[in-house]
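A short worksheet on the structure shown next.
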Amino acid sequence: MRVEVDYDQCESNALCMGAAPEVFEVRDDDFLYLLTEEPSEELRDKVRQAERLCPKQAITVTG
Ligand code: SF4
């Protein structure tokens, strides 16, 4: 599984972090950081939920 974020679309509202904090982190500088671009398989449900929750459709999950 591979995760990509369109940072031009991201508004740093941290909804993805709420769903999958192992993968998405909005830091004090108000930017989103991907902690891993290739999350382990057991995180698939959480990552998919983050993808669904993102109001900007900024998250793409492949694989
Ligand atoms: S949910 Fe979407 S818009 Fe919000 S921080 Fe995550 S990627 Fe950015």
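The values are calculated or read from the model by the stated rules, or taken from the named source; none is laboratory data. It should be emphasised that the depicted structure is a prediction, and the values quoted were computed from it without experimental measurement. The area values use the complete protein model at the heavy-atom level, side chains included, leaving out ligands, DNA and RNA. Shrake-Rupley method; radii C 1.70, N 1.55, O 1.52, S 1.80 Å.
Observations
- Among the protein heavy atoms, those of residue 26 account for about 30 Å² of accessible surface (1.4 Å probe, every chain in place).
- Summarising the overall dimensions of the range 2-62 from its C-alpha atoms, the Rg and Dmax are 10.1, 29 angstrom.
- The angle separating the long axis of helix 44-53 from the principal Cα axis of greatest extent in the chain is about 40 degrees.
- For the chain, accessible area per residue (1.4 Å probe, heavy atoms of protein chains only), Å²: 64
- Take every pair of alpha-carbon atoms less than 8 Å apart whose residues are at least six positions apart; their mean separation over the length of the chain yields a relative contact order of 47 percent.
- Carbon + sulfur, % of accessible area of the chain - ligands and nucleic acids excluded, 1.4 Å: 45
- Close amide H contacts of residue 32 (hydrogens built in the peptide plane, cut-off under 5 Å, sequence separation of 5 or more or a different chain): none are found.
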